[in-house]
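The values are calculated or read from the model by the stated rules, or taken from the named source; none is laboratory data. Please read these numbers as outputs of a predicted model, since none were measured by experiment. Backbone-built Cβ (ideal geometry, glycine too); neighbour counts: all protein chains shown.
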Amino acid sequence: MLSDLFMTLGKGVAEQLTYWCHTYLPLPPFSRWRRATDEVIEAIRANARRYGIDVDRIDRRNAYQVARMSVPNRHGEHLPDLVPDAYNRYSPTSCAKTHSGKKKIAAPSERRREFLEHPQTLAYLLAPSSLARLGLGGSAPGTIMGVPIGQPTPPAGVIAGNLREAIGGKGGRDVDVLAGAIAKLHAGLPRQEGQAA
(Lines give C-alpha, C1' and ligand atoms only; values in the text may rest on other atoms or scores of the structure.)
Protein backbone atom coordinates (compact mmCIF):
# COMPACT_ATOMS: atom_id res chain seq x y z
CA MET A 1 0.00 0.00 0.00
CA LEU A 2 2.65 2.56 1.00
CA SER A 3 5.05 1.37 -1.71
CA ASP A 4 2.32 2.17 -4.25
CA LEU A 5 2.29 5.72 -2.93
CA PHE A 6 6.04 6.35 -2.64
CA MET A 7 7.00 4.76 -5.98
CA THR A 8 4.75 7.13 -7.93
CA LEU A 9 5.09 10.42 -6.04
CA GLY A 10 7.49 11.85 -8.60
CA LYS A 11 4.87 11.53 -11.35
CA GLY A 12 2.42 14.25 -10.32
CA VAL A 13 2.07 14.47 -6.54
CA ALA A 14 -1.51 15.77 -6.40
CA GLU A 15 -2.83 13.21 -8.88
CA GLN A 16 -1.06 10.31 -7.14
CA LEU A 17 -2.31 11.38 -3.70
CA THR A 18 -5.85 11.64 -5.05
CA TYR A 19 -5.65 8.13 -6.50
CA TRP A 20 -4.14 6.76 -3.28
CA CYS A 21 -6.84 8.36 -1.10
CA HIS A 22 -9.60 7.18 -3.46
CA THR A 23 -8.49 3.57 -3.38
CA TYR A 24 -6.77 2.89 -0.04
CA LEU A 25 -8.16 5.03 2.79
CA PRO A 26 -10.76 3.20 4.89
CA LEU A 27 -13.02 6.23 5.43
CA PRO A 28 -15.90 6.47 2.91
CA PRO A 29 -15.71 10.23 2.17
CA PHE A 30 -12.10 9.90 0.97
CA SER A 31 -12.11 6.40 -0.53
CA ARG A 32 -15.10 6.69 -2.85
CA TRP A 33 -13.47 4.47 -5.53
CA ARG A 34 -12.20 1.79 -3.15
CA ARG A 35 -15.23 -0.48 -3.46
CA ALA A 36 -15.48 -0.05 -7.25
CA THR A 37 -11.77 -0.83 -7.59
CA ASP A 38 -12.12 -3.91 -5.37
CA GLU A 39 -15.07 -5.10 -7.50
CA VAL A 40 -12.99 -4.75 -10.69
CA ILE A 41 -10.13 -6.72 -9.10
CA GLU A 42 -12.50 -9.53 -8.03
CA ALA A 43 -14.12 -9.63 -11.49
CA ILE A 44 -10.69 -9.82 -13.16
CA ARG A 45 -9.62 -12.63 -10.83
CA ALA A 46 -12.83 -14.57 -11.55
CA ASN A 47 -12.45 -14.11 -15.31
CA ALA A 48 -8.77 -15.08 -15.17
CA ARG A 49 -9.71 -18.29 -13.32
CA ARG A 50 -12.03 -19.19 -16.20
CA TYR A 51 -8.92 -19.26 -18.40
CA GLY A 52 -7.00 -21.30 -15.85
CA ILE A 53 -4.83 -18.32 -14.82
CA ASP A 54 -4.03 -17.88 -11.13
CA VAL A 55 -3.62 -14.21 -10.26
CA ASP A 56 -1.63 -13.34 -7.15
CA ARG A 57 -1.66 -9.58 -7.52
CA ILE A 58 -3.48 -7.14 -9.77
CA ASP A 59 -2.12 -3.62 -10.18
CA ARG A 60 -4.48 -1.42 -8.22
CA ARG A 61 -3.80 1.70 -10.30
CA ASN A 62 -4.83 -0.14 -13.49
CA ALA A 63 -7.93 -1.52 -11.75
CA TYR A 64 -8.78 2.04 -10.62
CA GLN A 65 -8.59 3.25 -14.23
CA VAL A 66 -10.93 0.47 -15.38
CA ALA A 67 -13.31 1.11 -12.47
CA ARG A 68 -13.57 4.81 -13.36
CA MET A 69 -14.54 3.86 -16.92
CA SER A 70 -16.93 1.03 -16.13
CA VAL A 71 -18.74 2.27 -13.01
CA PRO A 72 -22.50 2.85 -13.57
CA ASN A 73 -24.37 6.02 -12.65
CA ARG A 74 -27.07 6.31 -9.97
CA HIS A 75 -29.53 4.43 -12.18
CA GLY A 76 -27.19 1.59 -13.13
CA GLU A 77 -26.58 2.95 -16.67
CA HIS A 78 -23.13 2.86 -18.25
CA LEU A 79 -21.40 5.51 -20.34
CA PRO A 80 -21.62 3.70 -23.72
CA ASP A 81 -25.42 3.59 -23.29
CA LEU A 82 -25.76 7.21 -22.17
CA VAL A 83 -23.61 8.90 -24.83
CA PRO A 84 -23.54 6.32 -27.65
CA ASP A 85 -22.50 8.57 -30.55
CA ALA A 86 -19.72 10.18 -28.48
CA TYR A 87 -18.56 6.78 -27.25
CA ASN A 88 -18.37 5.48 -30.83
CA ARG A 89 -16.01 8.37 -31.62
CA TYR A 90 -13.79 7.24 -28.76
CA SER A 91 -14.12 3.50 -29.35
CA PRO A 92 -15.13 3.07 -33.01
CA THR A 93 -16.80 -0.15 -34.06
CA SER A 94 -14.79 -2.61 -36.11
CA CYS A 95 -15.81 -2.90 -39.75
CA ALA A 96 -14.55 -4.25 -43.06
CA LYS A 97 -13.60 -0.79 -44.38
CA THR A 98 -11.31 -0.21 -41.40
CA HIS A 99 -9.65 -3.60 -41.67
CA SER A 100 -9.15 -3.28 -45.40
CA GLY A 101 -7.48 0.11 -44.97
CA LYS A 102 -10.21 2.08 -46.80
CA LYS A 103 -11.22 3.88 -43.61
CA LYS A 104 -8.68 5.16 -41.09
CA ILE A 105 -9.23 5.27 -37.34
CA ALA A 106 -7.85 8.36 -35.62
CA ALA A 107 -5.08 8.13 -33.03
CA PRO A 108 -6.20 7.44 -29.42
CA SER A 109 -5.42 11.00 -28.26
CA GLU A 110 -7.53 12.41 -31.11
CA ARG A 111 -10.41 10.02 -30.32
CA ARG A 112 -10.25 11.00 -26.63
CA ARG A 113 -10.40 14.70 -27.58
CA GLU A 114 -13.37 14.09 -29.91
CA PHE A 115 -15.17 12.17 -27.14
CA LEU A 116 -14.74 15.05 -24.68
CA GLU A 117 -15.82 17.64 -27.29
CA HIS A 118 -18.87 15.68 -28.50
CA PRO A 119 -22.24 17.41 -27.76
CA GLN A 120 -23.64 14.23 -26.13
CA THR A 121 -20.76 14.14 -23.65
CA LEU A 122 -21.12 17.87 -22.96
CA ALA A 123 -24.89 17.56 -22.44
CA TYR A 124 -24.38 14.60 -20.08
CA LEU A 125 -21.86 16.51 -17.97
CA LEU A 126 -23.81 19.78 -18.05
CA ALA A 127 -26.93 18.16 -16.53
CA PRO A 128 -27.16 19.50 -12.94
CA SER A 129 -27.05 16.95 -10.10
CA SER A 130 -30.71 17.58 -9.29
CA LEU A 131 -31.69 16.47 -12.81
CA ALA A 132 -29.15 13.65 -12.97
CA ARG A 133 -30.77 12.18 -9.86
CA LEU A 134 -34.08 12.21 -11.75
CA GLY A 135 -32.51 10.31 -14.65
CA LEU A 136 -31.76 13.11 -17.13
CA GLY A 137 -28.48 13.38 -19.01
CA GLY A 138 -28.36 10.43 -21.36
CA SER A 139 -28.94 10.63 -25.10
CA ALA A 140 -30.31 8.08 -27.55
CA PRO A 141 -28.25 7.42 -30.70
CA GLY A 142 -28.59 10.34 -33.14
CA THR A 143 -29.91 12.75 -30.52
CA ILE A 144 -28.72 15.23 -27.91
CA MET A 145 -30.97 14.41 -24.93
CA GLY A 146 -33.96 13.75 -27.17
CA VAL A 147 -33.31 16.47 -29.78
CA PRO A 148 -32.54 14.76 -33.13
CA ILE A 149 -29.19 15.71 -34.64
CA GLY A 150 -29.47 16.92 -38.23
CA GLN A 151 -32.82 18.67 -37.76
CA PRO A 152 -33.37 22.40 -37.09
CA THR A 153 -32.77 23.39 -33.47
CA PRO A 154 -36.08 23.77 -31.61
CA PRO A 155 -36.57 26.70 -29.20
CA ALA A 156 -35.24 26.18 -25.67
CA GLY A 157 -38.82 26.33 -24.35
CA VAL A 158 -39.83 23.31 -26.44
CA ILE A 159 -36.77 21.38 -25.24
CA ALA A 160 -37.57 22.33 -21.62
CA GLY A 161 -41.15 21.09 -22.07
CA ASN A 162 -39.91 17.75 -23.39
CA LEU A 163 -37.44 17.41 -20.51
CA ARG A 164 -40.12 18.24 -17.93
CA GLU A 165 -42.41 15.66 -19.50
CA ALA A 166 -39.65 13.04 -19.28
CA ILE A 167 -39.20 13.60 -15.53
CA GLY A 168 -42.85 14.10 -14.59
CA GLY A 169 -42.92 17.90 -14.35
CA LYS A 170 -40.11 18.15 -11.80
CA GLY A 171 -36.79 19.97 -12.04
CA GLY A 172 -37.74 23.62 -11.64
CA ARG A 173 -35.41 26.27 -13.04
CA ASP A 174 -32.61 23.74 -13.64
CA VAL A 175 -34.63 22.36 -16.56
CA ASP A 176 -34.70 25.76 -18.27
CA VAL A 177 -30.95 26.20 -17.80
CA LEU A 178 -30.24 22.71 -19.19
CA ALA A 179 -32.64 23.25 -22.12
CA GLY A 180 -30.78 26.44 -23.06
CA ALA A 181 -27.49 24.57 -22.98
CA ILE A 182 -28.90 21.73 -25.14
CA ALA A 183 -30.22 24.25 -27.68
CA LYS A 184 -26.75 25.81 -27.96
CA LEU A 185 -25.06 22.40 -28.26
CA HIS A 186 -27.54 21.34 -30.93
CA ALA A 187 -27.02 24.55 -32.92
CA GLY A 188 -23.27 23.86 -33.02
CA LEU A 189 -20.23 26.02 -32.49
CA PRO A 190 -20.73 29.70 -33.38
CA ARG A 191 -18.87 30.78 -36.54
CA GLN A 192 -15.72 32.75 -35.90
CA GLU A 193 -15.28 36.11 -37.60
CA GLY A 194 -13.85 35.67 -41.09
CA GLN A 195 -14.87 32.00 -41.25
CA ALA A 196 -16.63 30.83 -44.39
CA ALA A 197 -20.39 30.25 -44.09
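The one condition from (1) loosely packed, with under 13 Cβ neighbours inside 10 Å; (2) under 21 Å from residue 167 (Cβ atoms) that residue 127 does not meet is (1).
With respect to being closer than 20 Å to residue 83 by Cβ and at pLDDT 90 or above, residue 135 falls outside the description. Of all the listed residues (105, 182, 159), the sole one being among the hydrophobic types (A, V, I, L, M, F, W, C), at pLDDT 90 or above and closer than 22 Å to residue 89 by Cα is 182.
At least 3 residues that are over 23 Å from residue 77 (Cα atoms) in each: list the helices (runs of 4 or more DSSP H) lying fully within the stretch 126-197 that qualify. Even if it seems obvious, please write down each step before you answer.
Working: elements: 129-133, 156-166, 173-187.
The qualifying helices (runs of 4 or more DSSP H) are 156-166, 173-187.
In the stretch 153-167, the count of residues that are surrounded by fewer than 16 Cβ atoms within 10 Å (Cβ to Cβ), under 18 Å from residue 82 (Cβ atoms) and among the β-branched types (Val, Ile, Thr) is one or more. In the stretch 38-60, how many are loosely packed, with under 14 Cβ neighbours inside 10 Å and closer than 30 Å to residue 129 by Cβ? Matching residues across the stretch 38-60 total 1.
Is it the case that the stretch 103-119 has a residue that's within 20 Å of residue 146 (Cβ to Cβ) and in the same structural domain as residue 142 (by TED's automatic domain parsing)?
So in the stretch 103-119, the residues within 20 Å of residue 146 (Cβ to Cβ) come out as 118-119.
Remaining after also requiring in the same structural domain as residue 142 (by TED's automatic domain parsing): 118-119.
Yes, some residue in the stretch 103-119 is within 20 Å of residue 146 (Cβ to Cβ) and in the same structural domain as residue 142 (by TED's automatic domain parsing).
Inside the stretch 1-101, counting only helices (runs of 4 or more DSSP H) that do not spill past its ends, which hold 2 or more residues that are of a type in the set (Gly, Ala, Ser) and either out of contact with any strand residue (DSSP E or B) (no Cβ under 6 Å at 6 or more places or on another chain) or at pLDDT below 80 (or both)? Outline the logic, then answer.
On the way: elements: 2-6, 13-24, 34-50, 60-70, 79-82, 84-90, 96-100.
Once the helices (runs of 4 or more DSSP H) in the stretch 1-101 are filtered for at least 2 residues that are of a type in the set (Gly, Ala, Ser) and either out of contact with any strand residue (DSSP E or B) (no Cβ under 6 Å at 6 or more places or on another chain) or at pLDDT below 80 (or both), what remains is 34-50, 60-70, 96-100.
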